[in-house]
Each structure stands twice: as structure tokens, then as C-alpha cells.
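> Sending over a structure as C-alpha cells; questions will come in a sec.
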Amino acid sequence: AHAAFAFLEEAAALHHSLTGRYSSFQKRAYLYGYFDRQMSLQYPDFPELDPIQELDQMHWLKRCVRKSAEIAPRLALVLDPCFQFGAELALKTLGPQIAAHMCSLLYTFHYTLGLQYSIQHTPVPEAGLLERNDHAS
């Protein structure tokens, strides 16, 4: 997308950072959801950056998780420990592949919460407010 890329020590999250703790995993997914939307607003000429477009391409189960997080985020937060327990149980009983799928659902859930927060708390810029060439190299 010809956007500037830099490593910043004060960054909110690191891509492929070690999580180690479930809270770090949750936070990273949430921040990705939030900032993916921010980037899509900053570069409106690149519709492929819009995280909403991903929805149609997701597995049906992830679409269900995403929709439930959009419709009832508080309920989804209550169900989060159940998903976490399910992933841990799957790892012990069904193997790492099923546990990885459960973690992917959890990631989708927290990503969606961050995305929804961004949608609810960030106004969409008016046309022409952003410079058209701010992403050109």
C-alpha cells in the first residue's frame, strides 16, 4: 500500500510477539482490530485494508463468533473464559490442532471487540479531509 513502515518502541503491540499470558494474547488481538480500522480510515483509497471486508471470506464458525461479538459484546466477554477453558481442554484431550482452532476463534473474538470499539469511538473522516497522496511513495 506504499505506506511508511517503522518499528517503534512505544508501539501498542508487536506482530508475532510472544504472548506467554492469555491477557497478552487478548490485548494483541483487540489492538489489531482497533488499529486495522484506523489504518483503513487513514488510507481510504485502499479498500482491501478495510477489516470489515474480511468477514465474507472467513470460515462460517469465525463469522458466527464475530457476529456474536458485534451484537452482544458483554455476553461475549462472559463466554470468553468458556472458550479459553475449551482451548485448554482441547490441548490436553484432542491435540494441538483443535486447540489452535479454538485459539483462532478467541483471537477473532477479541479482534472484533477492538474493531467494534474503533467503529463506535472513531468518526469516519469527511471526504477530502485526508490528503489523497499521504500514502504515495
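Read-outs: derived from the displayed coordinates by stated rules, not from any lab. Note that the structure is a prediction, hence the values are computed from the model and not measured. Methodologically, a virtual Cβ is constructed for each residue, glycine included, from the backbone with ideal geometry; neighbour enumeration extends over all protein chains shown.
> Taking R0 as 25 Å, what FRET efficiency do you get between His59 and Glu88 from their Cβ-Cβ distance, rounded to the nearest 0.05?
0.70
> For Cys64, Cys103, Cys82, what ranking results if the residue with the fewest other Cβ atoms within 10 Å of its Cβ goes first?
Fewest-to-most ranking of Cys64, Cys103, Cys82: Cys82, Cys64, Cys103.
> Let me ask something else. Given R₀ = 30 Å, FRET efficiency for Ser104-Leu41 by Cβ-Cβ distance, to 0.05?
Details: r = 26 Å, r/R0 = 0.87.
Working from the Cβ atoms, E equals 0.70.
> Now, a different point. What is the fewest-to-most order of Thr93, Thr108, Thr122 by other Cβ atoms lying within 10 Å of their Cβ? Intermediate values should be presented prior to the final figure.
On the way: Thr93 9, Thr108 22, Thr122 12.
The fewest-first ordering by Cβ neighbours comes to Thr93, Thr122, Thr108.
> Could I ask something else about it? Using each residue's phi in region 84-99, evaluate 6.51 cos²θ - 1.76 cosθ + 1.60 at θ = phi - 60° and report the 3J(HN,Hα) Karplus result to the nearest Hz, with x for Gly and Pro.
Each residue's phi maps through the Karplus curve to give 4, 4, x, 5, 5, 5, 4, 4, 7, 10, 9, x, x, 5, 5, 4 Hz.
> Order by neighbour count: Ser23, Ser40, Ser104, fewest other Cβ atoms within 10 Å first, most last.
Working: Ser23 9, Ser40 20, Ser104 15.
Lowest count first: Ser23, Ser104, Ser40.
> Using modelled backbone amide H atoms (1.01 Å from N, in-plane), which distant-in-sequence or interchain residues come within less than 5 Å of Leu94's amide H?
Answer set, sorted by chain and number: none.
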